[in-house]
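A quick write-up on the structure given underneath.
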Amino acid sequence: MMPIPAGASSAGSPRAMLDAARDELRAAAERGIGGRAALGRYTERVDVLLRQLYATVPPAAQSVCVIALGGYGRRELCLHSDIDLLILFAKSLGAGDEAFVGRFLNPLWDLGVAVGHQVRDLHELSQLEADNPEFLLALLDARPLAGDRGLFDRFMTAFHQPDVHAQILTMLLTLIEERHKKFNDTLYQLEPDIKDAPGALRDVTAARTIAALTDPTLAGRGPVDSARLDEATDYLLRIRLLLHLEAKRNNNVLTHELQEKTAESLGYPGAEPRQRVERMMSDYFRHARAVSHSLEWARKASPKPVGHNLGRWASGVGFIDSTRAAQHPELWLRAFQAAIDEQCLVTESALTVIREHATKFAPEDFFPTAAARDELLRFLTPRPGLYARLSEMHDAGLLGRMFPEFQAISWRVVRDFYHKYTVDEHTLLTIRNLERLTTPSGTSRDRFNAILAEVARPELLVLSLLFHDVGKWRDEEHAIESVRMAHGMLDRLKIPAEDAAIVDFLIRHHLRMSRAAFHRDTEDPEIVKEFAALVGLEERLKMLCLMTLVDIEAVSPDTLTPWKEELLWRLYVDTYNQLTLGYGDELIDRHQAELSELLAHRPADVSEAEIARFLEGFPRRYLKLASPAAIYGHVRLSRDIGPADVHVSLDRKESVWELTVVTLDKPFLFSNICGVLSSFGMDILRGHAMTNPNSLVLDIVEFTDDERFLELNPDGRDKFCRVLEDVVAGRRDVSERLRRREQSLFYRRGAPRFQPIVHFDSQASSRYTVLEINTDDSLGLLYRISRTISRAGCDVDLVLISTEGHRAVDVFHITRAGAKLSEAAQQQLGADLQRMLQGDDQAV
């Protein structure tokens with residue numbers, strides 16, 4: 001422990017010491033010299049008093065430091081101002097520490113001193129108190145009084161960081177606006193508040209704080225120099241002290257009555273009080289204008305904080321501390337992210353820092369943590385400004401340092417009759433074209449905009465575009481080389497296997513859709529079927545379609561003709577229909593070629609026979625939907641299934657949870673699963689339900705836990721799984737549990753946003769009636785839909801769930817008694833569903 005040295009010894013009791021200090025300050029005020037020097041002397045006397053009290057109190061049970069805050073911390077303590085203190089402990093307080101606080105503060109309260117105190121430990125101060133901005137601002141003026149100086153230094157090191165300063169600056173600017181509004185945003189008050197009014201002491205502090213947080217040289221620049229601001233500060237402090245002296249309390253309003261007495265005390269000449277007051281108020285407004293101009297200059301000249309060590313100037317987003325920025329390349333990407341958010345450029349000074357220092361760092365230095373890698377993916381989300389920022393990064397040499405694979409195609413020229421741009425610029429133009437799809441154009445292109453809006457991970461599409469042509473650094477077939485090079489990037493960024501598979505697929509096959517659309521007869525169902533087998537999933541189809549569109553458009557201005565655009569759209573629609581409406585028709589059998597790789601790489605604890613037995617009869621789409629690791633896990637989950645058994649797996653994937661249920665078919669099975677999820681407040685995003693000929697059911701549902709039940713409750717997973725197993729097994733009824741939640745004010749259904757649409761298709765599938773429902777998403781929706789279907793005597797063999805904003809789009813492959821539904825059965829079920837969707841609870 002490094003104790004703070006005690007002040008000079010003072011004879012007498014604390015009462016005598018305080019009285020002497022106050023008498024000295026009163027005398028200075030009466031002589032008209034009660035400005036900063038007098039208040040500084042008074043502050044020092046109070047410091048000595050507090051240190052003496054600290055020395056006489058039995059020590060705390062742990063390290064503690066007493067810290068002066070706010071005006072007291074600035075050594076501007078006025079006669080009747082609160083003495084603002086922070087009592088900082090190293091660790092959580094115990095009973096002995098609380099006793100120390102009382103023993104230290106009680107003598108001050110006995111003296112009648114107004115003490116504004118905060119008691120904290122280091123851990124509590126590790127998070128900004130966003131709801132207490134005044135306290136955070138007061139911490140900027142903190143200085144140690146007594147106790148462990150090392151503890152104070154540890155706190156200050158953590159507190160004075162660029163990102164903390166940026167957040168405090170934002171709070172300060174908000175407080176200034178709110179305070180000025182109370183005075184109608186004018187300093188010309190007839191009875192001004194010397195502390196709070198525009199142009200008064202808080203504005204002095206605000207101007208200096210803005211400079212300290214952003215650019216210390218601001219205080220000496222602009223229309224008001226440092227000497228003039230110091231003069232205004234001293235003048236305002238002298239008036240404030242006289243107001244305290246006259247009122248004998250913390251009064252800061254210069255009323256008409258007090259104006260006469262204050263003018264007289266300050267020695268203004270004039271035969272009548274009115275003349276003295278006019279001269280004093282003229283000086284007051286002159287100084288208030290100087291303070292106001294100084295604050296406005298600081299507000300305009302200082303950057304608006306937009307992130308860690310980042311500010312927004314008129315010229316764009318840049319680094320507040322360039323020296324610090326040069327040493328932390330992992331933070332550079334945030335400048336470009338902030339520029340997109342602010343819809344502006346990155347400043348030339350920031351780009352210069354990057355140009356001068358980028359070559360010092362390896363690719364790993366830019367993304368050293370999972371958080372930094374997540375920031376990269378968020379940055380790559382297509383939106384206006386992305387292309388411009390990527391171009392800035394490329395020109396500054398940053399893009400090639402982050403991705404050396406991309407550097408290999410910088411200024412690379414491919415000589416052919418089609419491409420009009422270097423390979424690197426062609427690549428960036430594909431991203432620009434994708435970016436443009438985020439804004440409606442009022443043309444036929446908007447149909448592709450709708451596809452982009454439905455893509456769950458568009459940032460993976462941008463990452464794929466960034467690497468789709470890096471293999472062109474060689475003159476050979478580039479797609480395979482691009483895949484090889486992309487794998488190095490995927491490994492460095494530790495991209496999850498499922499996401500890496502998407503990027504691999506898109507780069508590997510980025511030419512396949514254009515070849516199918518423009519060089520094959522897509523009117524031939526076999527061509528569409530072949531292409532659908534390649535993509536396998538709607539999400540991949542959407543991303544590959546968009547990739548093809550923007551890639552062709554980036555070749556030259558005339559390459560993507562209206563005819564080619566239409567051919568591409570037709571192939572997309574035909575393939576989407578092939579994928580979705582005929583999902584259940586093609587089933588897995590144990591002799592299919594797709595199984596060979598799955599069997600070849602199986603883990604030792606899973607046999608070939610077990611895999612084949614599990615898969616046989618499921619839709620072939622399942623092999624595209626699930627990764628090999630997931631399939632092996634599902635096989636294990638299916639072991640030893642009896643009639644009453646329900647095997648459940650619950651996994652978290654970032655912000656989304658995945659529930660897997662394996663059981664034998666049961667009445668209302670899918671409905672009950674959805675009901676349990678809804679009864680816990682879970683928001684179902686998408687899901688798949690499949691049944692094989694042996695009545696083995698595999699349900700996979702992705703959901704979000706917005707109420708954080710699973711995260712906040714230590715036994716949350718176990719409780720959820722127990723309820724699910726009991727409901728599915730028929731040991732518990734979920735309807736009452738769900739009804740209580742549905743009837744709460746939070747979940748009560750309002751007026752529908754969309755008119756429900758119920759559509760049956762008996763032609764798309766050879767085995768099933770395909771039921772598509774478009775309606776408002778709401779709590780328990782899938783529970784009600786699937787229960788209505790089951791009550792109609794229908795079996796659900798496959799269900800595809802998706803949510804688009806507030807709209808639910810759900811597709812069910814259903815049969816009755818093993819056959820498609822008759823026209824009459826469709827009409828009856830459709831009527832039941834319409835009544836239920838329009839709020840008739842008796843229909844459920």
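The values are calculated or read from the model by the stated rules, or taken from the named source; none is laboratory data. Here the structure is a predicted model, which is why all the values come from computation and not from measurement. When we count neighbours, we look across all protein chains shown, and the Cβ atoms used for this are built from the backbone with ideal geometry, even at glycine. Note: accessible area is taken over every heavy atom of the protein model, side chains too, but ligands, DNA and RNA are not part of it. Shrake-Rupley method; radii C 1.70, N 1.55, O 1.52, S 1.80 Å.
Put simply, of 214, 233 the only residue that is touching a helix residue (DSSP H, G or I) at 6+ places or on another chain (Cβ under 9 Å), closer than 29 Å to residue 126 by Cα and polar (S, T, N, Q) is 214. Checking 240, 299, 274 one by one, the residue that is over 30 Å from residue 346 (Cα atoms) and open to solvent by 50 Å² or more (accessible area, probe 1.4 Å) is 274 and no other. Residue pairs whose Cβ atoms lie under 7 Å apart, separated by 6 or more positions or on different chains, with the first residue in segment 288-309 and modelled with pLDDT of 90 or more and the second of a type in the set (D, E, K, R), are 290/228; 291/203; 292/203; 295/203. Every listed requirement among (1) within 23 Å of residue 30 (Cβ to Cβ); (2) under 46 Å from the mean Cα position of the chain (by Cα); (3) aromatic (Phe, Trp, Tyr) is met by residue 285 save one, (1).
Quick check on my filter: what residues within segment 15-39 are of a type outside the set (D, E, K, R) and surrounded by fewer than 18 Cβ atoms within 10 Å (Cβ to Cβ)?
Correct list: 16, 20, 27, 32, 33, 37.
Which one is farthest from residue 819 (Cα to Cα) among residues in segment 754-781 that are modelled with pLDDT of 80 or more, hydrophobic (A, V, I, L, M, F, W, C) and touching a Phe, Trp or Tyr at 6+ places or on another chain (Cβ under 8 Å)? The selected residue is 773. Checking the stated criteria, residue 486 turns out not to satisfy the condition of being closer than 27 Å to residue 570 by Cα, small (Gly, Ala, Ser) and assigned to a helix (DSSP H, G or I).
When 243, 213, 229 are screened for being modelled with pLDDT of 90 or more and over 18 Å from residue 78 (Cβ atoms), only 229 passes. Condition check for residue 520 on (1) touching a Phe, Trp or Tyr at 6+ places or on another chain (Cβ under 9 Å); (2) over 29 Å from residue 570 (Cβ atoms); (3) of a type outside the set (A, V, I, L, M): one failure, at (2). The listed residues are 174, 186, and the only one of them that is free of Cβ contacts under 8 Å to residues at least 24 places away in the same chain and among the polar types (S, T, N, Q) turns out to be 186. Taking the numbered list (1) farther than 20 Å from residue 166 by Cβ; (2) free of Cβ contacts under 8 Å to residues at least 60 places away in the same chain; (3) surrounded by 17 or more Cβ atoms within 10 Å (Cβ to Cβ) in turn, residue 316 passes all entries but (1). The condition of being of a type in the set (S, T, N, Q) and modelled with pLDDT under 95 holds for only one of 548, 575, that being 575.
Looking across segment 438-452, the residues that are over 22 Å from residue 375 (Cβ atoms), in contact (Cβ under 8 Å) with a residue 40 or more places away in the chain and open to solvent by 20 Å² or more (accessible area, probe 1.4 Å) come down to 439, 444, 445, 447. Counting the residues of segment 653-672 that are closer than 14 Å to residue 786 by Cα and either of a type in the set (Phe, Trp, Tyr) or under 32 Å from the mean Cα position of the chain (by Cα) (or both) gives 2. Of the residues making up segment 528-541, those that are touching an Asp or Glu at 6+ places or on another chain (Cβ under 9 Å) and open to solvent by less than 20 Å² (accessible area, probe 1.4 Å) are 528, 531, 532.
Restricting segment 401-422 to residues that are open to solvent by less than 10 Å² (accessible area, probe 1.4 Å) and assigned to a helix (DSSP H, G or I), the residue that is modelled with the highest pLDDT is 402.
Of the candidates 211, 263, 227, 247, the single residue that is small (Gly, Ala, Ser), closer than 28 Å to residue 303 by Cβ and open to solvent by less than 40 Å² (accessible area, probe 1.4 Å) is 211.
Residues of segment 490-523 that are of a type in the set (D, E, K, R), without any contact (Cβ under 8 Å) to a residue 24 or more places away in the chain and open to solvent by 60 Å² or more (accessible area, probe 1.4 Å): 491, 515, 520, 521, 523. Among residues that are closer than 30 Å to residue 715 by Cα and either within 36 Å of the chain's Cα centre (by Cα) or basic (Lys, Arg) (or both), residue 650 is included. The single condition among (1) open to solvent by 60 Å² or more (accessible area, probe 1.4 Å); (2) at pLDDT 85 or above; (3) not polar (S, T, N, Q) that residue 567 does not meet is (1).
Got at least one residue in segment 541-562 being in contact (Cβ under 8 Å) with a residue 12 or more places away in the chain, farther than 19 Å from residue 449 by Cβ, out of contact with any strand residue (DSSP E or B) (no Cβ under 7 Å at 6 or more places or on another chain) and of a type in the set (D, E, K, R)? No, every residue in segment 541-562 fails to be in contact (Cβ under 8 Å) with a residue 12 or more places away in the chain, farther than 19 Å from residue 449 by Cβ, out of contact with any strand residue (DSSP E or B) (no Cβ under 7 Å at 6 or more places or on another chain) and of a type in the set (D, E, K, R).
Taking the condition farther than 19 Å from residue 408 by Cα, part of a helix (DSSP H, G or I), touching a residue at least 24 places away in the same chain (Cβ under 8 Å) and among the aliphatic types (A, V, I, L, M), does residue 527 pass? No; evaluated as a whole, the condition is false for this residue. Restrict the check to segment 58-76 and report whether at least one residue is under 41 Å from the mean Cα position of the chain (by Cα), free of Cβ contacts under 8 Å to residues at least 12 places away in the same chain and either in a helix (DSSP H, G or I) or closer than 21 Å to residue 14 by Cβ (or both). Checking segment 58-76: not a single residue is under 41 Å from the mean Cα position of the chain (by Cα), free of Cβ contacts under 8 Å to residues at least 12 places away in the same chain and either in a helix (DSSP H, G or I) or closer than 21 Å to residue 14 by Cβ (or both).
What number of residues within segment 553-564 are out of contact with any helix residue (DSSP H, G or I) (no Cβ under 6 Å at 6 or more places or on another chain) and either surrounded by 14 or more Cβ atoms within 10 Å (Cβ to Cβ) or of a type outside the set (Phe, Trp, Tyr) (or both)? Qualifying residue count for the region: 7.
For segment 597-635, the candidate set comprises residues that are out of contact with any Leu (no Cβ under 6 Å at 6 or more places or on another chain) and more than 27 Å from residue 540 (Cβ to Cβ); within that set, the residue that is least open to solvent (accessible area, probe 1.4 Å) is 610. Might you let me know whether segment 463-481 holds any residue that is surrounded by fewer than 20 Cβ atoms within 10 Å (Cβ to Cβ), farther than 22 Å from residue 383 by Cα, at pLDDT 85 or above and not charged (D, E, K, R)? Yes: segment 463-481 contains one or more residues that are surrounded by fewer than 20 Cβ atoms within 10 Å (Cβ to Cβ), farther than 22 Å from residue 383 by Cα, at pLDDT 85 or above and not charged (D, E, K, R).
Scanning segment 219-238 turns up one or more residues that are among the small types (Gly, Ala, Ser) and outside any helix (DSSP H, G or I).
Here is a yes/no grid of residues against (1) hydroxyl-bearing (Ser, Thr, Tyr); (2) over 28 Å from residue 284 (Cβ atoms); (3) more than 29 Å from the chain's Cα centre (by Cα):
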{"site": "154", "(1), (2), (3)": "no, yes, no"}
{"site": "163", "(1), (2), (3)": "no, yes, no"}
{"site": "168", "(1), (2), (3)": "no, yes, no"}
{"site": "171", "(1), (2), (3)": "no, yes, no"}
{"site": "174", "(1), (2), (3)": "yes, no, no"}
{"site": "181", "(1), (2), (3)": "no, no, yes"}
{"site": "195", "(1), (2), (3)": "no, no, yes"}
{"site": "202", "(1), (2), (3)": "no, no, yes"}
{"site": "212", "(1), (2), (3)": "no, no, no"}
